[in-house]
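Structure first, commentary second.
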Amino acid sequence: MAGLGALVAVVAVATTLVHRADGPPTHFETAELSRGDLRLTVTATGTLSARDSVPVGAEISGRVLRVLVDYNDKVVPGQVLAEIDPEQYRARREDAQAQLALTRAGLLTAQATEHEASLKAARLRSMRTAGLSSQQELEGAEAALERALAALANAKAQITSAEATLKVALSNLAKTVIRSPIAGVVLERSVEPGQTVTAGLQTPVVFTLAGDLAEMLLAVKVDEADVGQVRPGLSATFTVDAYPTRVFDSSVLKVKNMPTTSQNVVTYETRLSVKNKDGVLRPGMTATATIAVESKTGVLLVPNAALRFSPKMPPAPGRSMAGGFSIGRLMPPPPGGPQHPPAAGDKPPGPGSARIFVLRGERPDPVPVEIGASDGIHTVIRGPGLEPGVRVVVGETEAPGI
């Protein structure tokens, strides 16, 4: 009696669940498999910059007399950008020239003294050999010669020092004229006539120049999950807020190995080469780049919604409408007998494989598939009996009015 009561309870529960599963007819939303090309991309944001950017500073201190260029002006190598008051540097040059003249005169005196001492020492050596002078006189003459030679060496060293001082004075005087080191355009000017610049431990930057803006760089931050797919030579496109409807072409130049961590997010700086022949792009613009990392042609594609779909209705007779439930699944399988087939809501196969549902008549029929690359919208698949035009289920709704 106890066993019979348990069986009745099981049947009652099963009947109740099936009854609850009954409801309005279901309408399945479908999409067709298609054959086409799949483009895999990596998206990252970054900032545009000039390919060659050179800060130009004032290497000496002084008052700015003239500023000869302004923002966006084109410059050539050696062109005068600004001038600093040269008065004190001219005075230092003249003082260095005078000091050099004095040391040269001192050299002449030392040379004359050395020549005189050398002749006297030679004469006393001859006289000492002939017995016409004392040893003391000879020693005094030789000591005088040594002092003359030391004075001559000192005079030569002073000339070298004075020449170096003059070179520094001439160099500083030349630095009162600030010239362009490259051909390019003026990006920034941070000095005005009459302003005093002070060159201390750090050279004050008065201009920022860029090379030809027809060639630019785009530095983007690629997430660590995507950086393994990015390599030099890949083609890319990007957009900027200033021209939202325009797409610009670029290519990957290099990927840095040094990571950047911000708020526990690891990224790698990737530099892209940019052509800017029409000059519409400017340094500092924020850009969103799309890097094409892989392209597949002529593959069978399925909408990703089809891979996520799991029907509420069973795909075959004998299944209930409540997540694949059936009375048969409540009963244990006979010893050594076949196991129950998986229900529609069961976990799909492992990595690289999945399951889609093909609409056959009024019911979805599961088909195992091998999945490949995905662009987030479509996925490459392979499976038995699948070809372009086959309709797969992507969703279901309850049919109204019943």
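Rule-based calculations on the coordinates, nothing more; no lab input. For clarity, every value in this text was computed on a predicted model and none was experimentally measured. Here Cβ is always computed from backbone atoms with ideal geometry, including for glycine, and neighbour counts include all displayed protein chains.
Label Arg125 and Glu94 with points 7 Å out from Cα along Cα→Cβ: what is the distance between them in nm?
Rounded to a tenth, the inter-label distance reads 4.9 nm.
Evaluate the distance, in nm, between pseudo-label points positioned 7 Å from the Cα of Ser190 and of Ser53 along their respective Cα→Cβ axes.
Simple spin-label model gives 1.2 nm for this pair.
Based on the mean of other Cβ atoms within 10 Å per residue, sort peptides 382-391, 257-266 so the most packed one is first.
382-391, 257-266
Based on the Cβ-Cβ distance from Glu294 to Glu83, what FRET efficiency comes out when R0 is 45 Å, to the nearest 0.05?
It comes to 0.20.
Give me D for region 87-173 in µm² s⁻¹, whole number, from Stokes-Einstein with Rh from the Kirkwood sum over alpha-carbon pairs, 10 °C and 1.306 mPa s. Mind showing how you got there, number by number?
Working: Rh = 14.9 Å.
Translational diffusion coefficient: 107 µm²/s.
Could you order peptides 78-89, 164-175 by the average number of other Cβ atoms within 10 Å of their residues, highest first?
78-89, 164-175
Separation between the His115 and Leu149 pseudo-spin-labels, each 7 Å from Cα along Cα→Cβ, expressed in nm?
So the two model labels end up 1.9 nm from each other.
Rank by packing, highest mean first: peptides 69-75, 125-131, with packing defined as the count of other Cβ atoms within 10 Å averaged across residues. Spell out each step's value before the answer.
Values: 69-75: 13.7, 125-131: 11.4.
The most tightly packed comes first, giving 69-75, 125-131.
Roughly speaking, what is the stretch gain from Met258 to Gln202, that is 0.36 nm per residue apart minus the C-alpha to C-alpha distance, in nm to one decimal?
On the way: separation 56, 0.36 × 56 = 20.16 nm, distance 2.75 nm.
Answer, rounded to one decimal: 17.4 nm.
If I histogram all Cα-Cα distances within region 131-233 using bins 10 Å wide from 0, what percent of pairs lands in each bin?
10, 17, 16, 15, 12, 10, 8, 6, 4, 2, 0
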